[in-house]
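The next block holds one structure in the form of C-alpha cells; read it before the comments.
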Amino acid sequence: MLIESYELDIAVSDHSAQHFEFEAVARLSVDIAPALPYMNAVLRGAEYVHEEPVLSWRHEGHKVSFWRDRIAADDLGSRQEAEQEIEYLVRLVNETWERRDEITPDERRHPRTNCKECGESNCFNFALKLASGDRTLEQCPSLHTDPGLQTQKDQLEDILHSQRPAPPAPPGDS
C-alpha cells in the first residue's frame, strides 16, 4: 500500500459565490509522484503534467487533483461526501499502485487537455472551429505527433469527411 495515512482538511469552498460547496484536501505522509503516470494511464479524461507533477481529473462532477504530497477534491455537497470522496481517491491511488506491474505508465499529455498548442484557449474552442471549417486537423499538433492517437485522428477525419457536401453532379446528368 502506497498511502497508509493522511491528514484530512475539509473547508467551505470560496470558489463559487453561486452555491455552497465543500473542498477537501488529504495531506499525504508519502510522495505519490511515482504513481501519477500509472494513474494517467488508467483514468479516462485525466490531464497529467509530468513536470509539476500533477494529475487533474473529474470524478462524478468533482474536480480532483493529485500532487506528490496531497489529493484535493472540490464541488462537494457535504462533509460526509468530502470524506467519502477522499477515501475513494486514496483507495484508487493504492489500487492503481498495487497493479502497476500490469499497467504501462503514461507520462504523455493527452489531447483534450487544453494544451493551447493549436492557438486556441482550450480544446472545446478548437473543436467548434474545426466543426465550422475555420480550423483543420493539421492545426492540432498532438494528433500528428503522437502515434497513439492515430485511431482518434482517423475517426475525426471520417467525421469531417462525412460532413462535407457532395460534389455537384456534372452538367447533363439528371
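Quick notes on this structure:
- Translational D in µm²/s for region 1-110 (Stokes-Einstein at 10 °C, 1.306 mPa s, Kirkwood Rh from C-alpha pairs): 112
- Taking label points 7 Å from Cα along the Cα-to-Cβ direction, S162 and N122 give a separation of 2.6 nm.
- Residue by residue, region 50-61 carries 3J(HN,Hα) couplings of 4, 5, 6, x, 8, 10, 10, 7, 10, 10, 6, x Hz when phi is fed to the Karplus relation 6.51 cos²θ - 1.76 cosθ + 1.60 (θ = phi - 60°); x denotes Gly or Pro.
Where a number appears in this text, it was derived from the coordinates with a stated rule and is not lab data. What you are looking at is a predicted structure, and each value in this text was computed from that prediction instead of being measured. Ideal geometry is used to build each Cβ from the backbone, glycine not excepted, and the neighbour counts take in all protein chains shown.
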